[in-house]
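All remarks here apply to the structure that follows.
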Amino acid sequence: MAEKLPPLTLSSLDKKRRKVSFNNRYGWFFISFCLILLALFMLYPIISSLIMSTFSSRGMISRYVGLGNYKRLLHDTVFLQALKNTLLFFIIQMPIMLFLALMIATLLNNKAIKFRGVFRTGIFLPAVTSLVTYATLFKMMFSLEGFVNRFLMTTHLISDPIPWLVDPFWARITVMIALTWRWTGYNMVFYLSGLQNIPDELYEAAKIDGANALQQLGRITVPLLKPIILFTAVTSTIGTLQLFDEPTSFASGGVTAATIGPGNSLLTMSVYIYNLCFKYMPNFGYAATVAYVIVILVAILAFVQFKLAGDRR
Amino acid sequence: MRRWLPLFLVLLLLLTILGTTVFAAEKSGKITIWAWDPNFNIPVMAEAKARYQKVHPKVEIEIVDMAKADVEQKLNTVLASGAREGLPDIVLIEDYNAQKYLQAYPGAFADLTKKINYKDFAEYKTELMTLKRKIYGVPFDSGVSALFYRKDILAEAGFKPSDLNNITWDRFIEIGKIVKEKTGVAMVGFDTADGGTMRIMMQSAGQWYFDAKGDPHIVKNDAIREAFLTYKKLVDSGITKTTSGWNEWVAAFNKGETATVLTGCWIIGSIKAEASQAGLWAVAPTPRLNLKTSVNYSNLGGSSWYITAKSRNRQVAEDFLNATFAADRDLYQKILVEQGAIGSYLPSQNGPAYTEADPFFDGQKVYADFAAWMREIPPVNYGLFTYEADSAMMTVMPDYLAGKINLETALKRAEDQLKNQIAF
Amino acid sequence: MKGKLYLLRVLQYAFLLSCFILAVFPFFWMVVGATNTAVDIIKGKISFGNELIPNLNRLFSDYDVTGIFWNSCKISLLTVLGQLLFSSMAGYGFELFSSKTRERIYGVVLLTMMVPFAALMIPLFRLIVSFNLLDNHAGLILTSLVSVFLVFFFRQSFKSFPKEIIQAARVDGAGEFRIFCSIVVPAMKATYAAAAIYAFMTSWNSYMWPLIVLQSNEQKTMQLLISTLSSAYFPEYGVIMTAIIISTLPMICIFFSLQKHFIHGITGSLKQ
């Protein structure tokens, strides 16, 4: 008797197609609202500003320069300084802050610690404290005769007052301290939410197996928290590279000051964009160019971080 | 019939005059005004608004109050986007930015050459808002600079008021050293990141960052050279108290830690805020540079009102500004007393408030002094790139003051950066 | 052994306590500032004064604070609801129904998050004007309904959701959207709580875009008010502090009420 083709083959292909179309139907459904809104309010501005970056302008008068703006950046001492300042914040301040946030979150996830709610709220408070408040206070505390210097001098840790906000090097340190103060609690919240999704049983099983706290941290917490760590790393990267609020608030005089920080030590790329648009003779094309340099840098850094986390992208 | 003709013509003339005055008297519509500083410009405008509305009750005036940087941000965004919506009718613009806006957005502001009597205003103000022989704004407050000093502290060091009259910077530093020695008080608060003093020094010599063609004029600019040298002398002399930022600087003289304040006259409000120092202050003219071209008069700051060309109620806006800031002398007396606002409307400066003796300054007629000095301020074309230039100067300043680079290097670096920044 | 544990505990509490004090001190300073005059504040006074009522009076008489506060509340609440809905759906869609095309789209979407807002401001402004949404809260809310940050956050969080539960529900015959709403969302309360906090905070504190879109005094938000107050030549710090305290209260309330979702106890439902 001749063997018919096993009916299973046809139906398994059919199943696959159905599965793919099921996937597609619901995939598109769930992401469609977001995509429509983005297309409406992001697509046009992005394309428009990309085009703008090929023009150099003085207010309303502009001329086409193609990639001329990008070339100009390479010799622009102010841009290069902004780039250096921004990268310094990224390399030094960000890792310290994220590590601190993780430590605090792990501690506050520990049921043996009492008053966790109070600590949680308190440490999160800086993230909601208004920029004006803490900038004013920090500037007062870190002034030459401020609280910090007085404290350090009376405890004999230093003999001369540190020129926190007057010297280019120390100004950067002050802003790094401020950034850490402000955003650690914020990142802690994300870590806490991620830690909730790690079942207790895993830790209990590990304890029974004889693992100590550090091993638990390394073998259970960090791997399972990877998606959230990646999230905070990427978003902090974006936040740091787009840093604007703290430099302008800590620079004496705010956005209308001659330089941002002593000798332009606090000038970041976003502030430079702002200056190019609103403080100096407006050159919107050149400003857009700087903006896209930020995008390229962030994209590269984010890509690297995704790869390190083992994500496929 | 012919006999009635002249009468008829006269009647027609009378009716026309009557008609236009009646029509002119009843202005209506809404005008929006953007300005900053809830303690200074806003109350001044509110006072002008109140006076105008007494005569023209049908005019609605909305004063929108926001930060100065915000006004500039909004203005630039709306003008750059080319939108017709979203602009105010009247906007306050800082004098250093006047040319920038006029040239970056041609046609955006109303030409008021024939509408305002500019001869009534201080010359240096009118000049900075002139472009191609057309004048665009209504001048407002003056930043005429002055040397405010503590009479008592200077007296303790052995100086009388006449010793501070019309001095040079070098003399100022000499006096400062003696003051520091004899009283222990620093002569002046100094923010090394602030370019205000440099601007005062330059304008006192009739110079600016740019030459007549608009090119950066730094390395060969004798006023800037002298300014840099003076900055260094000030810092090296030990007579300064380093401050960082506005609050610290104000707190320094409020607490009596500095003996003088050199800046625009608008600081008077902050000085008077420390009531315990009443009667102890006096005012002297600005010190001058070691140059023949430098005088004892200069300016820091100041702003003016501009009308947007596309304003829906342009006529009302023009009439409003004309009736208040370009005519009402009494308005200027009131805002002087209440906000310490020193206008640049010359006819108002004979008024009672201007000629009064101020008890806070031990009876000195400070406002009369400011008014007199204002007329002597060397007019300067601020050009388009004041902020870029400020930035270039103060970027190199810390290294120069610390002795890491010499004057030539500093000036060259600043000029190079400036040239780079203004490239088109 | 017990001694070691005791020492550890002491160190842990000391660490947390110092973090707490450092974090909370500026807030305390602000509250003290609200009871003092500006002159005293810049001179460095940290004791309570008697100026609270005068400061409040000055604030409320010069500005329509209740109206402005309500503006901020309205805008932020609507924005948060929109963002939670659309962003979580998008994150879910990208994670659960992944495909090659959609991965590429996800990459592009993430890229948009990296563009500094200043670059987009002018074209976006033109867009708003052409839709006639200038000086309108709708203009603000519509442009902020999707947060790419939250799409990213939700997707990362959904990665740790056990897919078997979803499969089981599908076998039982439940529709996809129903699975999303009745099974996934309730189990991810901590994620939604964190997202809500982030969304509210970003919206409440947003400054540049409201500055550009809103024109008249009635439409202002609290942030704009605070900025106006802070920009005077001689800022009235006492008044500013009171405005800031009023402005910070909703945020604290929201955090307080949502933070119980960080407490353990949700994981029980995941184990089926």
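The values are calculated or read from the model by the stated rules, or taken from the named source; none is laboratory data. The shown structure was predicted, so the numbers you read here are calculated from the model rather than taken from an experiment. Counting neighbours? That spans all protein chains shown, and the Cβs are built from the backbone with ideal geometry, glycine included.
A quick yes/no check of all residues on (1) within 22 Å of B:Ala372 (Cα to Cα); (2) crowded, with 22+ Cβ neighbours inside 10 Å; (3) of a type in the set (A, V, I, L, M):
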| position | (1), (2), (3) |
| --- | --- |
| B:Trp246 | no, no, no |
| B:Gln277 | no, no, no |
| B:Lys292 | yes, no, no |
| B:Asn296 | yes, no, no |
| B:Ala309 | no, no, yes |
| B:Ala317 | no, yes, yes |
| B:Ala327 | yes, no, yes |
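Screening B:Glu248 against (1) under 27 Å from C:Ser231 (Cα atoms); (2) outside any helix (DSSP H, G or I) leaves a single unmet condition, (2).
In the set (1) within 14 Å of chain B (Cβ to nearest Cβ); (2) of a type outside the set (Val, Ile, Thr); (3) assigned to a loop (DSSP other than H, G, I, E, B), A:Arg172 fails one condition alone, (3). Can you find even one residue in region A:52-64 that is farther than 18 Å from C:Phe125 by Cβ, free of Cβ contacts under 8 Å to residues at least 12 places away in the same chain and either facing another protein chain (nearest Cβ under 7 Å) or not aliphatic (A, V, I, L, M) (or both)? So far as region A:52-64 goes, yes, one or more of its residues are farther than 18 Å from C:Phe125 by Cβ, free of Cβ contacts under 8 Å to residues at least 12 places away in the same chain and either facing another protein chain (nearest Cβ under 7 Å) or not aliphatic (A, V, I, L, M) (or both). Tell me, yes or no, whether region A:37-45 has at least one residue that is within 14 Å of chain B (Cβ to nearest Cβ) and among the hydroxyl-bearing types (Ser, Thr, Tyr). Yes; the residues of region A:37-45 include at least one that is within 14 Å of chain B (Cβ to nearest Cβ) and among the hydroxyl-bearing types (Ser, Thr, Tyr). If you take the residues in region A:216-261 that are within 11 Å of chain B (Cβ to nearest Cβ) and more than 16 Å from A:Ala178 (Cβ to Cβ), which one is nearest to the chain's Cα centre (by Cα)? Step by step, filter region A:216-261, then rank; the result is A:Val255. Residue count for region C:162-212, restricted to those that are away from chain A (no Cβ under 12 Å) and over 30 Å from A:Arg25 (Cβ atoms): 2. When B:Ser145 is tested against (1) free of Cβ contacts under 8 Å to residues at least 60 places away in the same chain; (2) within 30 Å of B:Ile42 (Cβ to Cβ); (3) in contact with a strand residue (DSSP E or B) (Cβ under 9 Å, 6 or more places away or on another chain), just one condition goes unmet, and that condition is (1).
Say whether the condition of being among the hydrophobic types (A, V, I, L, M, F, W, C) and surrounded by fewer than 16 Cβ atoms within 10 Å (Cβ to Cβ) is met by at least one residue in region C:141-154. Walk me through it before giving the result.
Let us first name the residues in region C:141-154 that are among the hydrophobic types (A, V, I, L, M, F, W, C), namely C:141-142, C:145-146, C:148-154.
Next, from what is left, pick out any that are surrounded by fewer than 16 Cβ atoms within 10 Å (Cβ to Cβ): none.
No, region C:141-154 contains no residue that is among the hydrophobic types (A, V, I, L, M, F, W, C) and surrounded by fewer than 16 Cβ atoms within 10 Å (Cβ to Cβ).
Within region A:190-201, being at pLDDT 85 or above and of a type in the set (A, V, I, L, M, F, W, C) holds for A:Phe190, A:Leu192, A:Leu195.
Annotation: B:Ala414 fulfils all but one of (1) more than 30 Å from B:Gly279 (Cα to Cα); (2) assigned to a loop (DSSP other than H, G, I, E, B); the unmet one is (2).
Please verify whether region A:298-309 includes one or more residues that are hydrophobic (A, V, I, L, M, F, W, C), more than 21 Å from the chain's Cα centre (by Cα) and more than 8 Å from every other protein chain (Cβ to nearest Cβ). Scanning region A:298-309 turns up no residue that is hydrophobic (A, V, I, L, M, F, W, C), more than 21 Å from the chain's Cα centre (by Cα) and more than 8 Å from every other protein chain (Cβ to nearest Cβ).
Select the helices (runs of 4 or more DSSP H) contained entirely in region C:1-73, then report the ones holding at least 1 residues which are at pLDDT 85 or above. Please lay out each step first, then the result.
Working: elements: C:2-33, C:38-43, C:52-62.
Counting at least 1 such residues, we get C:2-33, C:52-62.
Assessment of region B:209-229 against the conditions (assigned to a strand (DSSP E or B), over 20 Å from A:Asp167 (Cα atoms), in contact (Cβ under 8 Å) with a residue 24 or more places away in the chain and not charged (D, E, K, R)) yields at least one matching residue. Taking region B:26-139 as the region of interest, the helices (runs of 4 or more DSSP H) fully inside it that hold 1 or more residues being away from chain A (no Cβ under 14 Å) are B:41-55, B:123-128.
Residues in region B:91-109 that are in contact with a helix residue (DSSP H, G or I) (Cβ under 6 Å, 6 or more places away or on another chain) and of a type in the set (Gly, Ala, Ser) were compared, and the one that is surrounded by the fewest Cβ atoms within 10 Å (Cβ to Cβ) is B:Ala108. Checked against the criterion of being within 9 Å of chain A (Cβ to nearest Cβ), modelled with pLDDT of 90 or more, farther than 24 Å from A:Asn24 by Cβ and part of a helix (DSSP H, G or I), the candidates C:Leu84, C:Leu142 yield just one match: C:Leu142.
The condition of being polar (S, T, N, Q) and modelled with pLDDT of 90 or more holds for only one of A:Thr259, A:Thr268, that being A:Thr268.
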